[in-house]
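Below is one structure; the comments refer to it alone.
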Amino acid sequence: MWWWHSALALAVAGMALSAAAQSYPSKTVRFVITYPAGGGSDFTARPIAQKLTERWGQSVVVDSRPGGSAMIGTDFVVKSPADGYTLLLSASSEMSMNVVLFKKMPYDPIRDLQPITLVGTTPPVLLAHPSLPAKTVKELVALARAKPGALSYASIGNGTPQHFAGELMKTTFNIDMVHVPYKGAAPALIDLLGGHVPIGLTAPTTAIPHIKSGRLRALAVTSAQRSGALPEVPTVAESGAPGFDIVQWYAIWVAAKTPKDIVDKIYTDISAIIQSPDYKQRQIEAGTDVVGSTAEALSNRQKIDIEKYRKIAAAAGIKPE
């Protein structure tokens with residue numbers, strides 16, 4: 001009769017999980033972001049936290065834990081109990097690029113985290129100072145080929161989506177440009193606006209006011225599709241590089257081994273929030289296109305991106321630290 005006791009034990013365990021999901025959440029939920037408050041992650045997470053608080057009748061608190069190339073906050077979630085009370089909003093940098101950029105990480109981003117859903121994507125935008133005689137990507141490529149190594153491009157830092165986008169442009173178009181990394185978007189934009197560097201790659205959020213004022217010219221976005229925030233700006237793919245696609249994406253995760261019933265509830269409620277018209281509009285205004293996805297699609301995207309960035313890093317000579 002051992003089999004009967006085993007079946008009973010499994011049934012009891014299943015009922016316990018189901019009961020846990022029905023009562024979830026019964027206390028405050030922590031929503032960890034891995035960058036400082038006030039940035040893109042915060043703007044993406046905070047309205048989700050607010051709507052979840054309303055839906056669940058429990059506080060969902062945004063907890064900013066920046067540092068360590070976004071690994072401090074991610075590691076905190078990995079080491080938290082797998083009970084759904086600690087959510088993570090990550091950017092693609094720490095989920096795919098860091099695998100390529102670091103020899104050792106305190107966690108395995110594929111094994112140690114359970115994907116919930118992709119939230120949205122933000123494409124780097126390729127900018128030019130108005131003094132540069134190039135109004136399209138094709139004209140920029142012609143300039144770069146005429147004077148190899150004479151043009152420099154600014155990014156918001158080494159190992160960022162903007163840096164990888166610039167290096168992929170170099171290999172795709174067979175051009176030589178000098179990478180100038182800055183510590184964030186603000187200093188990169190200051191030098192770009194001043195004409196100290198002719199080309200730059202940054203997020204739409206910080207670039208849009210300067211594009212609209214005419215102080216900077218948008219040549220392209222690096223995503224496969226045009227950005228909802230800059231619909232008039234072509235993609236690099238449209239400009240002679242089919243398949244070109246580099247974006248920063250935001251996604252939600254929990255610790256691995258979180259019960260499936262709880263994972264399903266989190267997915268269902270967050271999906272409803274991010275697909276609402278008001279959330280979508282608010283994100284587009286900030287330069288993020290809301291996507292949404294299944295957990296499986298997010299996991300596949302993460303793995304595909306890791307391989308993509310490995311190839312870009314190898315071609316550009318970017319060595320892991």
**OP:** Tell me which residues, restricted to the stretch 157-181, are out of contact with any Phe, Trp or Tyr (no Cβ under 6 Å at 6 or more places or on another chain) and assigned to a loop (DSSP other than H, G, I, E, B).
**Re:** GLY157, ASN158, GLY159, THR160, ASN174, ILE175, ASP176
Original post:
Restricted to the stretch 286-318, and to residues that are closer than 17 Å to SER90 by Cα and basic (Lys, Arg), which residue is surrounded by the fewest Cβ atoms within 10 Å (Cβ to Cβ)?
Top reply: LYS303
Original post:
Which condition number in (1) under 22 Å from GLN283 (Cβ atoms); (2) modelled with pLDDT under 95; (3) not acidic (Asp, Glu) is the one that GLY159 fails?
Top reply: (1)
Original post:
Tally time: how many residues in the stretch 280-304 are farther than 16 Å from PRO231 by Cβ and in contact with a helix residue (DSSP H, G or I) (Cβ under 6 Å, 6 or more places away or on another chain)?
Top reply: 2
Original post:
Say we look at the stretch 60-83 and pick out the residues that are touching a strand residue (DSSP E or B) at 6+ places or on another chain (Cβ under 9 Å) and of a type in the set (Asp, Glu); which of these is nearest to ASN98 (Cα to Cα)?
Top reply: ASP63
**OP:** Would you check if LYS183 is among the charged types (D, E, K, R) and either free of Cβ contacts under 8 Å to residues at least 60 places away in the same chain or crowded, with 22+ Cβ neighbours inside 10 Å (or both)?
**Re:** yes
Original post:
Can you find even one residue in the stretch 245-258 that is modelled with pLDDT of 95 or more, in contact with a Phe, Trp or Tyr (Cβ under 9 Å, 6 or more places away or on another chain) and assigned to a loop (DSSP other than H, G, I, E, B)?
Top reply: yes
Original post:
Where residues in the stretch 132-144 are in contact (Cβ under 8 Å) with a residue 24 or more places away in the chain and in a helix (DSSP H, G or I), which of them is surrounded by the most Cβ atoms within 10 Å (Cβ to Cβ)?
Top reply: LEU140
**OP:** Could you please tell me which pairs satisfy a Cβ distance under 7 Å, a separation of 6+ or placement on different chains, a first residue in the stretch 22-40 that is over 15 Å from GLY73 (Cβ atoms), and a second residue that is surrounded by 18 or more Cβ atoms within 10 Å (Cβ to Cβ) and aromatic (Phe, Trp, Tyr)?
**Re:** PRO25/TYR85; LYS27/TYR85; VAL29/TYR85
Subject >> Count of residues meeting criterion [touching a residue at least 40 places away in the same chain (Cβ under 8 Å) and either assigned to a loop (DSSP other than H, G, I, E, B) or aromatic (Phe, Trp, Tyr) (or both)] in the stretch 145-156 >> reply: 3
Original post:
Listed residues LYS319, LYS280; which is modelled with pLDDT of 95 or more and either under 28 Å from MET105 (Cβ atoms) or outside any loop (DSSP other than H, G, I, E, B) (or both)?
Top reply: LYS280
Subject >> Residue list for the stretch 99-131, filter: under 23 Å from LEU219 (Cβ atoms), within 16 Å of the chain's Cα centre (by Cα) and in a loop (DSSP other than H, G, I, E, B) >> reply: PRO123, PRO124
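Listed here are the residues, each with its yes/no results for (1) touching a residue at least 24 places away in the same chain (Cβ under 8 Å); (2) surrounded by fewer than 18 Cβ atoms within 10 Å (Cβ to Cβ); (3) among the β-branched types (Val, Ile, Thr).
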site	(1), (2), (3)
ASP176	yes, yes, no
LEU192	yes, no, no
ILE199	yes, no, yes
LEU219	yes, no, no
VAL263	yes, no, yes
SER271	yes, yes, no
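The values are calculated or read from the model by the stated rules, or taken from the named source; none is laboratory data. Remember, predicted model here, so these are calculated numbers, not experimental data. All Cβ positions, glycine included, derive from the backbone under ideal geometry; neighbour counts span all protein chains shown.
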